[in-house]
1. Out of the residues in region 60-90 that are among the charged types (D, E, K, R) and outside any loop (DSSP other than H, G, I, E, B), which is modelled with the lowest pLDDT?
2. Would you please list the contacts, defined by Cβ atoms under 6 Å and residues six or more apart or on different chains, that run from a residue in region 91-113 that is under 16 Å from GLN67 (Cβ atoms) and part of a strand (DSSP E or B) to a residue that is of a type in the set (Lys, Arg) and open to solvent by 90 Å² or more (accessible area, probe 1.4 Å)?
3. Of the conditions (1) over 16 Å from the mean Cα position of the chain (by Cα); (2) at pLDDT 75 or above, GLY32 satisfies every one except a single condition; which number is it?
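The values are calculated or read from the model by the stated rules, or taken from the named source; none is laboratory data. Note that this is a predicted model, so its numbers are computed, not measured. Heads up, the Cβs are rebuilt from the backbone with ideal geometry, glycines too, and the neighbour counts pull from every protein chain shown. Protein only, heavy atoms only, side chains kept; ligands, DNA and RNA dropped before computing areas. Shrake-Rupley method; radii C 1.70, N 1.55, O 1.52, S 1.80 Å.
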Amino acid sequence: LLVDEPFDRLLHPDVVLLFEVVDYPSAALGGGPAPPSVHRIAWAFLRPVAQSGAASNLHRQMPVRLQLYRHQVGGLGAAAAGAEERAPALWAEFSQGRHLPYPSTLYVTAASV
């Protein structure tokens, strides 16, 4: 995954990177008609710099293990209803602060290219 931003702009306490694991219906992979939506499996977040200002392992270009979280029932629709229309639904769910762990993790390595 490439992020088209200067690496030093990501190293700020206000930056949060959101990751979402999705599954496409088999019709989408087999060249069938476009599916109405994808199956959202789980999500994770990464703060490259803690809100306290402490840096994570990103500057060492080491893998960081992120906890995956379950989407809450009605979370995407309910959370997005009160959010601004420009904000992604996943951001609204993250902002609620109630994160239910999913029994898996995601490894991410960030590096400047």
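1. ARG60
2. Close Cβ pairs (under 6 Å, with a partner that is of a type in the set (Lys, Arg) and open to solvent by 90 Å² or more (accessible area, probe 1.4 Å)) amount to LEU100/ARG70; TYR102/ARG70; THR105/ARG65; TYR107/ARG65.
3. Exception for GLY32: condition (2).
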